[in-house]
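The values are calculated or read from the model by the stated rules, or taken from the named source; none is laboratory data. It should be emphasised that the depicted structure is a prediction, and the values quoted were computed from it without experimental measurement. Note: ideal-geometry Cβ built from the backbone for every residue, glycine included; neighbour counts use all protein chains shown.
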Amino acid sequence: MEEKSLHAEGQGAARSSLSPAKQGSSNKPATASPVPYDATRHSAPRSLGKEERLSRDILLDKLFSEGKSVSQNGFTLVYLECALPTFYPAQAAFSVPKKHFKHATDRNRIKRLLRESYRHEKPELYVKLAAANKQLALMLICKGKEVPAHAIVQKNVSELIVKLLSRIIK
RNA sequence: GCUGUAUGCUACUCUAUCGCUCCGUACUCGAUACGGGGAGGAAAGUCCGGACAAUACAGAGCGCCGCACCCAGAUAAUCUCUGGGUCAUUCCUGACGGAAUGCAAGACAGUGCCACAGAGAAUAACCGCCCCCGACUGGUCGGGGGUAAGGGUGAAAACGUGCGGUAAGAGCGCACGGUUCCGCUAUGGAAACAUACGGGGCGGGUAAACCUUGCGGAUUGUAAGCCCAUGUAAACCGGCGGCUGAGGCCGGCUCGGUCGACUUCCUCGCCUCGGCGGGGAGACGCCGGAGGGUUGGGUGCUACAGGUGUGGAGCGAUCUACAUCGCAGAUAAAUGAUAGAGACUCCCGCGAGGGAGGACAGGAUCCGGCUUACAGGUGUACAGCCUAU
RNA sequence: UGGCCCAUCGUCUAAUGGCAGGACUACAGAUUUUGGUUCUGUGUAUGUUGGUUCGAAUCCAGCUGGGCCAA
């Protein structure tokens, strides 16, 4: 386990040498966090595997019928506090309605951008949720008219998560 | 050389970091590590054709649906493709000729329809012309017939012109001509068809109206289908039925076929004492009602009409020999983000250099074709303009 | 993914292959002190590109846009 953390630090170091602008916020806290979901064991904190995504389940129906939402600039974040069949503090799903974007290419691209942004903003959310001992089901929806740039998506998603945290944890 | 049109090929490349997904290997079996694979020419539209699967292992007729120039070839197959030809229409050209397009059979089998206009739109007599009869009476009216030469229309008017002929007329006859008509004849051709002469017609159009002829087609689709799990339930209520055949199936109908369950108990009557008949219950089958469970997992699923290279056959579509490669398999659905470098195009600049841009578009069972979208690059053909010889 | 269907004024709908009609709406005028009601008039459409036909909203083909169904 020590080897793992060392390895992760080594990767971080390599990254920081290449792109010094990116690294500041999200690199360090993963190694030095408190325990409930064990962040020290989570060797790649910015990954987003199958377990961390919300897939075909009754939870999705529940999320739509009972969930609450935060939105801004055409981005909507639907959330519901409930028990999840996993030890991760949150599961997320991403959606782009066919009504707004006709071509499959555009929908795929936006979903990828949403997923990428969520992936970068995730560790902080995990740590705070774990500290409050809560689990969340999430759904990110984009309802624009044109395909947005990555920077815009990133900004909106991070602000949405901040809003969400301020509502959940008082 | 530039521009345009058509068409074939191609569909930016590399490095680093952080991620996604599938497969393999390893172990400390995990929230792991390492290695390898990871969208297209149209993946699109779903317009055709197949493979594969189920409906019974699938026959005949009818119905329904589709297709339609000819010959040869290619293919698993086609309304596809290739080669050659025929015909029609349009365009170009002074002409020879060339190009493009074409669901290109049949209107002498039958039925329907053809607005408006027009006498009439398919067994043409409304006006007109001619003959006969009658009336009043001296040119009119009425009746009967003949006649498609003339009549403002229309997309289309019953082959055209001339002569003869006649009461008036008429392909009624003759001459010349037309025919995107027909069958016969001759020649050429493998055929579609072309040409020629003679004969016969010439009563229109519409089959992308019904239809006829010929040819072809079973239907439904991977959410097909198979397996596992879950649930209760070989459960409950009602009706009907019977081996002298209930009922199911044969794809939409019929024929003709095919499969075919349970058969036990109680009671009453009759007699030839073992059967027959009636009633009830059970079992079986079918129909209906009420009620319940699952919205999971596996398989189908990607190795084949497979890709690449070289050679051979062929005008070509394509076929073939050898070598070599393993090349997506997700399921709220994987290919992304960031940074840098290099090509390419455009703009600014004398220059050094600086700035901007990357089309159409994302697998969902798989192939072959068609159609549609497409920045840039590149090959070929054709057309126009300019320059030089 | 597979299968099926539709498209007519701004909206809802008609139209055997033969002048695209009606209702509501909009605009203008009249009535009214003003508004409403009522009356009169006007405007506006066959999704698109070709073909068949003398003639196409209708028949045929290709595009475009929209809708429905499924274990």
When A:ASN108 is evaluated against the numbered criteria (1) surrounded by 16 or more Cβ atoms within 10 Å (Cβ to Cβ); (2) within 14 Å of RNA strand B (Cβ to nearest atom), which criterion, by number, is the only one it fails? (1)
Between residues in segment A:93-107 that are in contact (Cβ under 8 Å) with a residue 24 or more places away in the chain and part of a loop (DSSP other than H, G, I, E, B) and residues that are near RNA strand B (Cβ under 6 Å from one of its atoms) and not small (Gly, Ala, Ser), which pairs lie under 6 Å by C-beta distance while being six or more apart or on different chains? A:VAL96/A:LYS111
Matching residues in segment A:49-97 - criterion: being at pLDDT below 80, among the charged types (D, E, K, R) and more than 9 Å from RNA strand B (Cβ to nearest atom): A:LYS62, A:GLU66
Exactly one of A:PRO97, A:PRO148 is of a type outside the set (D, E, K, R) and either over 20 Å from A:SER71 (Cα atoms) or surrounded by fewer than 15 Cβ atoms within 10 Å (Cβ to Cβ) (or both), and that residue is A:PRO97
